[in-house]
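Data block below; observations after.
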Amino acid sequence: MKVDVQVRDFVNENFLFGNTNVTFNNNDSFIEKGIIDSTGVLELVSFVEEKFNFRVNDEEIIPDNLDSITNLTTFIQKKQAENLC
């Protein structure tokens, strides 16, 4: 399964609880759309670490890495590539 689909599925199940009335695209900010709050960011980081088997460093917990499906997918792919080296 593609990374962006896995991330979207996690967000839908854990933050929207399957609510189909909330729609968002891959570039929408989780924070601005009210999908994820600061506590949710920690849940998102835990999911990423467990699912993709790498550690997210404290300095990497920034909106540029985590605040949309696009940002998160790019971040995950970058970290996976680093782990291959």
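What the table shows:
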read-out	value
Enumeration of residues in the range 2-16 that are touching a helix residue (DSSP H, G or I) at 6+ places or on another chain (Cβ under 7 Å) and without any contact (Cβ under 8 Å) to a residue 40 or more places away in the chain	ASN14, PHE15
Tally of residues being under 18 Å from LYS2 (Cα atoms) and assigned to a helix (DSSP H, G or I) across the range 46-82	21
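The numbers here are math on the coordinates, done by the rules we state, and not lab data. Worth saying up front: this structure is predicted, and the values here are computed from it rather than measured. Because the Cβ atoms are built from the backbone with ideal geometry, glycine has one as well, and the counts that use them run over all protein chains shown.
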